[in-house]
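Engineer: One structure follows; several queries about it will come next.
The values are calculated or read from the model by the stated rules, or taken from the named source; none is laboratory data. In this text, all values refer to a predicted model and were calculated from it rather than measured experimentally. Note that each Cβ is placed from the backbone with ideal geometry, even for glycine, and that neighbours are counted across all protein chains shown. Each accessible area value is taken on the protein alone, full model and side chains, heavy atoms only, with ligands, DNA and RNA left out. Shrake-Rupley method; radii C 1.70, N 1.55, O 1.52, S 1.80 Å.
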Amino acid sequence: MLLAIDIGNTNIVIGVIDHDEIVFKARIATERQRTSDQYGVEIKNMLEAFGVKISDIEDCIIASVVPPVFNSVHTGVRKVIGKQPMVVGPGLKTGLNIHVDIPSQVGSDRIVAAVAALAEYEAPLVLIDMGTATTIEVVEPENVYMGGIIFPGVMISLDSLTSRAAQLPGISLDKPKNIIGKNTVDCMRSGMMYGTAAMLDGVIDRIAEELGHTSTIVATGGMAQFIVPLCRHDIILEKELLLKGLNIIYKKNKR
């Protein structure tokens, strides 16, 4: 079994993959002050909670966009499974032709998502990952990674709004009944959710104009399931894209 870990700014996704099948997927909070021992214990407990024995873990692969947390998680995993994890970064085979100014600056999560999407869909692709940040990637035929767009995620925008506007309350992001809100909470929900959906639709249109053609659109990330249904474009929702990508990259570079 392969232990796959994606370290994000808000959550760490932990998955176990056996013969290309995801045995389980879980999340723990990303906390910069935790030690390697704390992360090791939490990962060990998570495996045991889902009925996976430490002895069943044959190897591990880690992707991270949070350098201060990476070392603690990496060391903690090594202590628990007794193996040196593979790390997504420069030097690993991905199958992508990265056409950006500084390839080493492309986040590992963006690379992993592109690799996974290409395994299931034909390019050209537009990939949306809605996490702490919302990122959009463009992949052209022959696996050419063209670059993309990064903007604040839905929850970051909402937190900023409520913390800086004294009379606006914290809200849950339930689907608005109407685009035109009749009270403060509904107005905020409509703005956050329909506003984000409209932004994605507009950006997708502009990407198509710049490229001169349309693309298959795939979305993943924690907020995607709430926003994608409100978009006007046909967008494929993929909940396990990062774990699938980690598995593919591991097999390309298996030791």
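Engineer: Can you list residue pairs whose Cβ atoms sit under 8 Å apart, with the first residue in segment 41-52 being closer than 12 Å to Ala26 by Cα and the second being open to solvent by 80 Å² or more (accessible area, probe 1.4 Å)? Count only pairs 6 or more apart in sequence or on different chains.
Structural biologist: Leu47/Lys53
Engineer: In the set Gly91, Gly95, which member is of a type outside the set (S, T, N, Q) and without any contact (Cβ under 8 Å) to a residue 12 or more places away in the chain?
Structural biologist: Gly91
Engineer: Now, a different point. Please name all residue pairs, on different chains or six or more residues apart, with Cβ atoms under 9 Å, provided the first residue is in segment 153-168 and is closer than 26 Å to Gly221 by Cα and the second residue is assigned to a helix (DSSP H, G or I) and open to solvent by 50 Å² or more (accessible area, probe 1.4 Å).
Structural biologist: Val154/Phe226
Engineer: How many residues does segment 66-79 contain that are surrounded by 20 or more Cβ atoms within 10 Å (Cβ to Cβ) and among the hydrophobic types (A, V, I, L, M, F, W, C)?
Structural biologist: Selection size over segment 66-79: 3.
Engineer: State which residue pairs qualify: first residue closer than 10 Å to Val13 by Cβ and inside segment 23-39, second residue loosely packed, with under 12 Cβ neighbours inside 10 Å in any location, beta carbons under 9 Å apart, and separation of 6 or more residues or different chains.
Structural biologist: Listed by first residue and then by second, the contacts come to Ala26/Ala49.
Engineer: Can you tell me how many residues within segment 146-184 are at pLDDT 90 or above and touching a helix residue (DSSP H, G or I) at 6+ places or on another chain (Cβ under 6 Å)?
Structural biologist: Qualifying residue count, segment 146-184: 3.
Engineer: Tell me the strands (runs of 3 or more DSSP E) entirely within segment 99-183 that contain at least 2 residues that are open to solvent by less than 50 Å² (accessible area, probe 1.4 Å), closer than 21 Å to Asp201 by Cβ and touching a Phe, Trp or Tyr at 6+ places or on another chain (Cβ under 9 Å).
Structural biologist: So the answer is 133-140.
Engineer: Take the conditions of a type in the set (Phe, Trp, Tyr) and open to solvent by 70 Å² or more (accessible area, probe 1.4 Å) and apply them to Phe226. Does it pass?
Structural biologist: Criteria met by Phe226.
Engineer: Any residue at all in segment 186-203 that's more than 23 Å from the chain's Cα centre (by Cα) and either over 22 Å from Gly131 (Cα atoms) or β-branched (Val, Ile, Thr) (or both)?
Structural biologist: Within segment 186-203 (the criterion being more than 23 Å from the chain's Cα centre (by Cα) and either over 22 Å from Gly131 (Cα atoms) or β-branched (Val, Ile, Thr) (or both)), the answer is yes, since at least one residue qualifies.
Engineer: Just to be sure I understand the filter: pairs with C-beta atoms under 9 Å, separated by 6 or more residues or on different chains, first member in segment 132-147 and without any contact (Cβ under 8 Å) to a residue 40 or more places away in the chain, second member of a type in the set (Ser, Thr, Tyr) and crowded, with 16+ Cβ neighbours inside 10 Å. Which pairs pass?
Structural biologist: That search, which allows pairs on different chains as well, returns Glu137/Tyr145.
Engineer: Can you tell me how many residues in segment 35-65 are part of a loop (DSSP other than H, G, I, E, B) and buried (at least 16 other Cβ atoms within 10 Å of the Cβ)?
Structural biologist: Looking only at that region, the number is 3.
Engineer: Do any residues in segment 188-210 that are in contact (Cβ under 8 Å) with a residue 12 or more places away in the chain and among the β-branched types (Val, Ile, Thr) have Cβ atoms under 9 Å from those of residues that are open to solvent by less than 30 Å² (accessible area, probe 1.4 Å) and part of a helix (DSSP H, G or I), where the two are at least six apart or on different chains, and which pairs are they?
Structural biologist: That search, which allows pairs on different chains as well, returns Thr196/Val154; Thr196/Ile227; Thr196/Leu230.
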